[in-house]
């Protein structure tokens, strides 16, 4: 019995040994598979890391390119603003020069007339032919001519004074204190000669004493662009137009409302009026930069906001809100 028991136990142990060997073999196979999977994962991870590094380099390059592009766009925008400002200043110079030419030319003609009459009077006195009626005639002419010369020179002086201040402000970027209504009146006086062939009438109303510390050159450019935009887009040739500018102060805010009674803005293009280079009057010389520059000046330089309302056939209203 003991031999049989040992034989049975040996067979049982051999069976268990075979089972363990199979399990060991399966474990080795599983371990090999796991090691292969780990190697694949490690290879894949390395590839992913390399791809990520490559993508990071590409993104950094694109980011640098985008930053450079934004810098170039900013420089271009500044150049466009300066070009538009210089163009407006050039138009201002030409318009004022043309307008001054009239009163100065008239004054020269009147002064020449007064000189001729004075020479004639002097001759009459020397020859002893002076009569009371001739003296009276001379005095009437001298009085009338003097008044006309003074009136024309005062007009030229007003133009020069307005032009001098507005031109200095438009060519510089300095802040200073100024009375808003009075300054806008000076701007209107200096730019209207450019639009003399148009029939637009400009009126200004509001607080005469309101004074702010801001950038008058930027405000002058905004008003100039508004008027130019109205004349270019809102009115047909030989059509009388009315433009009004209203100024008021509410607490620490200044409100400037610009209104024209022109043709209004088509709703289909209303959302694009501030877009750069967008214009419906390119054939009339429109650049599409006027309102774009105006928007940037108001929101950036003057630290304000601008709102527009318009209805076809009923005109357009621009409302600017500025902090004092």
Q. Which FRET efficiency, nearest 0.05, do residue 269 and residue 16 yield, Cβ-Cβ r, R0 56 Å?
A. 0.05
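Sort 149, 191 so that the residue with the fewest other Cβ atoms within 10 Å of its own Cβ comes first and the one with the most comes last. It would help to have the intermediate numbers written out before the result.
Values: 149 19, 191 23.
Listing 149, 191 from fewest to most nearby Cβ atoms yields 149, 191.
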Q) Where in region 8-48 does the label zone of residue 55 land, with the point 7 angstrom along Cα→C-beta and an amide N cut-off under 14 Å? A) 45-48
(Q) Taking every alpha carbon pair in region 176-324, what does the distance histogram look like in 5 angstrom bins from 0, in percent? (A) 2, 9, 19, 24, 22, 15, 7, 2, 0
Q.
Taking the number of other C-beta atoms within 10 Å as the exposure measure, put 311, 182 in order starting with the fewest.
A. 311, 182
Q) How do 298, 48, 160, 187 rank when sorted from fewest to most other Cβ atoms within 10 Å of their own Cβ? A) 48, 160, 298, 187
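Assuming R0 = 56 Å, what is the FRET efficiency of residue 70 and residue 35, from their Cβ-Cβ distance, to the nearest 0.05?
Working: r = 51 Å, r/R0 = 0.91.
That pair, residue 70 with residue 35, gives E of 0.65.
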Q. Given a Förster distance of 51 angstrom, what is the FRET efficiency for residue 147 paired with residue 240, based on the Cβ-Cβ distance and rounded to 0.05?
A. 0.95
Q. Over what distance in Å are the Cα centres of region 1-64 and region 205-244 separated?
A. 82
Q) Hey, rough spin-label estimate for residue 133 and residue 119, points 7 angstrom out along Cα→Cβ, what's it come to in nanometres? A) 2.5
**Q.** Nitroxide proxy distance, nm - points 7 Å out along Cα→Cβ at residue 203 and residue 255
**A.** 1.9
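Here, each number is a calculation from the coordinates, and none is a lab measurement. As the structure is a prediction and not an experimental result, all values here were calculated from the model. Cβ coordinates were reconstructed from backbone atoms using ideal geometry, including for glycine residues, and neighbour counts include every protein chain displayed.
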